[in-house]
Amino acid sequence: MSNVFILADFSGGKATKTTAELATAAARIGAVTAVVLAGAGKGVALAATVNQGPIASVLILESDDFVQYGVAASADALANLIKEKSPAAVLIASHAFGKEVAARVAVLTESGIITDAVDVAADVTATQLVFGGSTTVHSKVSHGTPIITVRPNSVEADFSASSPAIESATANIGDAAKKSKISSSQPLVKGGRPELTEANIVVSGGRGTNGDFAAVEKFADELGAAVGASRAATDAGWYPHSHQVGQTGKSVSPQLYVACGISGAIQHRAGMQTSKTIIVVNKDPEAPLFDIADFGVIGDLFSVLPQATQGIHAKKS
Amino acid sequence: MKIAVCVKQVPDSWAEKKMVNGVLDRENVDAVLNDLDEYAVEEALRIAEAHGGNEEGGANTVTLISMGPDRATEAIRKALSMGANDAILITDAALAGADALSTSAVLSKVISDGGYDLVICGTESTDARMSVVPAMISARLGWAQLTFASKVTVDPAGSVSITRVTEAGVDEISAAFPCVISVVEKINEPRYPSFKGIMAAKKKTIEQKNLAAVGVSAASAWSQVNDATPRPARAAGVKVTDEGSGGTALVNFLAEKKLI
Ligand SMILES: Cc1cc2nc3c(=O)[nH]c(=O)nc-3n(C[C@H](O)[C@H](O)[C@H](O)COP(=O)(O)OP(=O)(O)OC[C@H]3O[C@@H](n4cnc5c(N)ncnc54)[C@H](O)[C@@H]3O)c2cc1C
Ligand SMILES: Nc1ncnc2c1ncn2[C@@H]1O[C@H](COP(=O)(O)O)[C@@H](O)[C@H]1O
């Protein structure tokens, strides 16, 4: 059986849900090896968290160059490993770091690349939703090792426990990958809420909140949802930029997306219109986001949301 | 300093896009300068202005580099009218449907022949939305990669430091010339072309080259589209007006859909 690589994805020292999603897709193609890139002495602890999904083995590469030189060093080590082991495909999480690693790996291994796949089939055909979700595309890499980045929260993951064999290999990193040096790194502090790109439900607020996100947050917490924001809200400093949904923020594709006080500019839609169900709360009946809403409430979010929050609470008890 | 800015002409964000034979139909849509590239042009101009300018006799030049069809000159004129000095446009029938790998190969050759100190890109083109070309250029040229910058500080003596902002967090990164930079939209507010700028842009040179003149051969794309099918457009569903029970109606909808 052929071997498939996934680049294990971590956040806060733990493998993310995305790692299991990558493994689930990769297992259709062959036996899955999760590659763990870690700082010196950090590999074993990280590898121990790669314990969900159909993963046959974990391969640890350790080097402080990953910490100092980020994307370029990570891509170099992964590319050298691919050249050595010739996997049938390599699946990587579709976020800024993952896409840039994939981009460099594609160049270094002379391989075709597909980004933002929402699914990958056994014959390595990737499914993508392009043009703001209006078109489904199936495509295939025709040269080299298929390098595919997969969007978080798209593949129905097999979360069953696994206890993969753990091995180590040498990280080979050339000098060309050590040209931009990271002098300080501040990981994003995670709040108590689910991660935006991984959440099943996202509740977002826009300019209509007028800076007061309390109603949005209370509603989100009642639903166990992540909180998102429009650019108008992040630009005004009402919510951190890391929560921005849209073209230049995050792309989310949850089961349920609730937009509160957001008009629906094309750049906002670009990041949320593949959500399964969309609910819109807006005072203006002409707001363009209503055009793609499964359910819309024309009204003031400051009265609609508290009533809905209470309603859900009542149903639970 | 010699600064290059990679700019792309893309279909207007609002335009309906279609695939023809597995390739985006670029002919029958309104086209504009990729809006994220405006931030790259603005940043290049600010860097030039902070260190001796890019006017006649200034210490710096800002050259636009673009790969695309003939009509991409429209988007390039806009960037020229913001204040860039000149432009190179690579047009070749063999490049229709080129993928990011061939795009980056062509751009890299032009960049290395031009002897630039800095190359500045947007983080993403709004049509393909791949966010890979800057990293590919850096890998091909073996130049430092300083991408997703929300702040760029240049020392004309030969080094750059940036603040990189991604979903993973915030990094401070620095490197020596030459570097490939990409900028996020939070970095600046792109200027509107002035009347004077628009008039001056008409006289600026756009050097058009085909692949032979660049000196690279056309490679076929390394990924192939098997099929592209339009998905049913999202239709508007139920819309209620809140007359005191809008929140309750919302909860009932959630319950009906088994979302709670
Ligand atoms: C290069 C570029 C990139 C961009 N990237 C993004 C991006 O990633 N994400 C993004 O979101 N935007 C992005 N934008 C900005 C985008 O164009 C819009 O400006 C932005 O999405 C508007 O945010 P909004 O809907 O919150 O504000 P507005 O458009 O001002 O809408 C506010 C809405 O709130 C409603 N409202 C007001 N008060 C209430 C109330 N009490 N109750 C209910 N409703 C109320 C109003 O009726 C209105 O519809 C980008 C723009 C550019 C140029
Ligand atoms: N055909 C092109 N010509 C010039 N620059 C490009 C081209 N394609 C991409 N770029 C640059 O690379 C950036 C990222 O594009 P992409 O990787 O396609 O999302 C853009 O913002 C441009 O700066």
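Which distance in Å, rounded to a whole number, links the C-alpha centroids of the range A:230-248 and the range B:105-121?
33
What's the Kirkwood radius of the range A:133-198 in Å, using all Cα pairs?
18.2
Determine the distance separating the Cα centre of the range A:96-156 from the Cα centre of the range A:1-28; give it in Å without decimals.
With the range A:96-156 and the range A:1-28 each reduced to a Cα centre, they are spaced 14 Å.
Where Lys and Arg each count +1 and Asp and Glu each count -1, what net charge lies around residue B:172 among other residues with Cβ under 10 Å from its Cβ?
Around residue B:172, the surrounding residues sum to +2.
Using the number of other C-beta atoms within 10 angstrom as an exposure proxy, rank B:159, A:253 with the fewest first. All intermediate terms of the calculation are to be shown ahead of the outcome.
Working: B:159 14, A:253 20.
So the ranking, lowest neighbour count to highest, is B:159, A:253.
From the phi of every residue in the range A:304-316, what ³J(HN,Hα) in whole Hz does the Karplus formula 6.51 cos²θ - 1.76 cosθ + 1.60 yield, where θ is phi - 60° and glycine or proline is x?
Values, residue by residue: 5, 5, x, 5, 5, 4, 5, x, 5, 4, 5, 5, 6 Hz.
Which value results for Rg/Rh of the range A:199-314 when Rg is the Cα radius of gyration and Rh the Kirkwood radius based on the inverse mean 1/r?
Taking Rh as the inverse mean 1/r over Cα pairs, Rg/Rh reads 0.92.
In what order do B:130, B:199 fall by count of nearby beta-carbon atoms within 10 Å, going from fewest to most?
B:199, B:130
How would you rank A:138, B:51, going from fewest to most other Cβ atoms within 10 Å of each one's own Cβ? If you can, show how the numbers build up before the last one.
On the way: A:138 18, B:51 15.
With the fewest neighbours first, A:138, B:51 line up as B:51, A:138.
Let me know the volume per residue of the alpha-carbon convex hull for the range B:153-192, in Å³.
Spread over its residues, the Cα hull of the range B:153-192 gives 90 Å³ apiece.
In whole angstrom, how far apart do the alpha carbon centroids of the range B:166-243 and the range A:191-210 sit?
27
Over the alpha-carbon set of the range B:87-224, work out the extent along each principal axis and list the three values in angstrom, largest first.
42, 41, 31
How crowded by other chains is A:242-251, given as the mean number of beta carbons from other chains within 10 Å of each beta carbon?
Neighbouring Cβ atoms belonging to other protein chains average 3 per residue here.
Over the range B:93-249, what relative contact order in percent results from Cα pairs under 8 Å that are six or more residues apart? Intermediate results must be reported in sequence, preceding the final value.
Working: 187 pairs, mean separation 38.5, N = 157.
Computed value for the range B:93-249: 25 percent relative contact order.
If each Cα of chain A is one equal point scatterer, what is log10 of I(q)/I(0) from the Debye formula at q = 0.08, 0.14 Å⁻¹?
Result of the Debye calculation: -0.40, -1.06.
Any idea which of A:298, A:238, A:255 is furthest toward the positive side of the dipole for the range A:199-314, if Lys and Arg beta-carbons carry +1 and Asp and Glu beta-carbons -1?
Ranked along the dipole, the leading option is A:255.
Counting only other chains, what is the mean number of Cβ atoms within 10 angstrom of the Cβ of each residue in peptide A:186-192?
Average per residue, whole number: 2.
Take residue A:276 and residue A:64, extend 7 Å from each Cα along the Cα→Cβ direction, and tell me the distance between the two endpoints in nm.
4.7
Strictly greater than 15 Å: what percent of every Cα pair in the range A:179-226 meets that?
Numbers: 647 of 1128 pairs.
Here the long-distance tail beyond 15 Å is 57 percent of all Cα pairs in the range A:179-226.
In vacuo Debye scattering of the range B:116-163, one point per C-alpha: log10 I(q)/I(0) at q = 0.18, 0.32 Å⁻¹?
-0.60, -1.30
Give, in whole angstrom and from largest to smallest, the semi-axes √(5λ) of the equivalent ellipsoid of the protein assembly as shown, with λ running over the eigenvalues of the Cα gyration tensor.
37, 31, 23
The range A:192-289: which GluC sites (Glu not before Pro) are DSSP loop and have at most 13 other beta-carbon atoms within 10 angstrom?
A:286
Going out from 0 in 5 Å bins, what whole percent of all Cα-Cα distances in the range B:1-212 drops into each bin?
1, 7, 16, 21, 22, 16, 10, 5, 1, 0
So what are the radius of gyration and Dmax for the Cα set of the range A:1-175, in Å?
14.8, 46
Here, each number is a calculation from the coordinates, and none is a lab measurement. No experiment lies behind these values; they were computed from the predicted model shown. Positions of Cβ are generated from backbone atoms using ideal geometry, with glycine treated the same way; all protein chains shown enter the neighbour counts.
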